[in-house]
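Okay, handing you the structure first.
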């Protein structure tokens, strides 16, 4: 009976029939996202023991529900600035600034609004790509209920990086170059990977130059400069204030164990790591998630010939993003890979184009990791 119900839900998602009682698909998925997180929070699961809390930073016990791990670092930066601890300089300034201006709960509320806005903008983008209604809904569902969904409802950088990237794409599509440049700058001060939004104006500019449409090349060039301005601004601030312009990069390795590896190296080690260190279920699901992300990214390139330039740009952006996620290793394999990779929404489009049986299996597997990860996070345990 349960299997039949699950299959019925999958048919409902992929069906083209308008059984949505007048409510847009993105709104249903946003409610599902928020409700799913609340459900995971109230599930009976052991809370993290006090001894484990004492092993963390002194401010960790102030965390609860949504506010844990990196969220607490952002809160400390908002209250005390980057001089509090050198390790804090690995965190980019957008989220701390938001907390400083609006308060913790104000920033939290705005983050929920940013994720809802991301779903709206993603729905518009998927519509422009010519996806069928069923594929569009499936891609939105995977985005809303992605394995790292808890981080899109808390004070982390990921929801804002995605939001500003999608805003930049919407402005670029409408040729509102100033808005696109501004959104790109904001994306680049949420985290360093926000700079990847520059791949879109780079391709548009290259296309204009190739066609010798010189006037049409100025707008994309202006858009592309936006991301560089954002990243340069934070770099200059660190250089002027502490004479360490690239502290955001060096702090990753010095304090957080971050280092670069070949992408296949982390992927291969990610499966074996769980066998040696326990948590086989969690590690296995993380490995499967990254594998599916790779499959979805590869699927983007299949049949790409003859597609619009925006589709080519999305395929390139998604590919580079997933490779970056696999190449940046933390203290252990797949330390933050799924969380980082979850931002690259083009792969959800690729997954929506897989055969129906594989799509259903991917949704179940990714959803299982989303539930497990949210349970762990909301009960105080580390997840990504």
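The numbers here are math on the coordinates, done by the rules we state, and not lab data. This structure is a prediction, so every number in the text was calculated from the model and none was measured. Heads up, the Cβs are rebuilt from the backbone with ideal geometry, glycines too, and the neighbour counts pull from every protein chain shown.
Order by neighbour count: 75, 221, fewest other Cβ atoms within 10 Å first, most last.
Fewest-to-most ranking of 75, 221: 221, 75.
So how much slack lies between residue 221 and residue 254, counting 0.36 nm per residue of separation and subtracting their Cα-Cα distance, in nm?
Difference between extended and current length: 8.3 nm.
So what is the 222 nm mean residue ellipticity for the chain from helices alone, if each DSSP H run of at least 4 adds -39500 (n - 2.57) and you divide by all residues, rounding to the nearest 500 deg cm²/dmol?
Calculated mean residue ellipticity at 222 nm is -22500 deg cm²/dmol.
Once you have the Cα-Cα distance between residue 241 and residue 382, take 0.36 nm times their residue separation minus that, and quote the gain in nm to one decimal.
47.5 nm
Which residue, 286, 166, 272, tops the fluctuation ranking in a GNM of the chain built on C-alpha contacts under 10 Å?
272
Taking the chain as a Gaussian network, Cα atoms linked when under 10 Å apart, which of 157, 251, 148 shows the biggest mean-square fluctuation?
251
Classify segment 65-146 from the C-alpha gyration tensor, please: rounded if a/c falls under 1.5, else prolate or oblate depending on whether a/b exceeds b/c.
The shape class here is prolate.
Fully extended, how many nm does the chain gain between residue 280 and residue 364 (0.36 nm per residue separation, minus their Cα-Cα distance)?
Separation in residues times 0.36 nm, less the Cα-Cα distance, equals 28.4 nm.
Related question: What nm value, rounded to one decimal, do you get for the distance between residue 295 and residue 48 when each label is placed 7 Å out toward the C-beta?
Each label point lies 7 Å from its Cα, and together they span 3.3 nm.
Let me ask another. Mind ordering 88-95, 335-342, 259-266 by average Cβ neighbours within 10 Å, highest first?
Packing order, densest peptide first, comes out as 335-342, 88-95, 259-266.
If you work out Rg/Rh (Cα atoms, Kirkwood Rh) from the coordinates, which of [x] 0.95; [y] 1.14; [z] 1.07 do you get?
Read-out from the structure maps to [x].
Can you pull the one-decimal nm distance between simple spin-label points at residue 210 and residue 332, each 7 Å off the Cα toward Cβ?
That separation, rounded to one decimal, is 4.5 nm.
Using packing as a proxy for protection, rank 370-378, 319-327, 355-363 so that the peptide with the highest average count of other Cβ atoms within 10 Å comes first.
Ranking the peptides 370-378, 319-327, 355-363 by packing returns 370-378, 319-327, 355-363.
Kindly give the semi-axes, whole Å and largest first, of the ellipsoid equivalent to segment 257-353, taking each as the square root of 5 times a Cα gyration tensor eigenvalue.
Details: eigenvalues 146, 36, 17 Å².
In descending order the semi-axes read 27, 13, 9 Å.
What order do you get for 236-248, 207-219 when each peptide is scored by the mean count of other beta carbon atoms within 10 Å, highest first?
For the peptides 236-248, 207-219, the packing ranking is 236-248, 207-219.
I've got another one for you. Can you tell me, using C-alpha contacts under 8 Å and at least 6 residues apart, the relative contact order of the chain as a whole percent?
Once divided by the residue count of the chain, the mean separation gives 22 percent.
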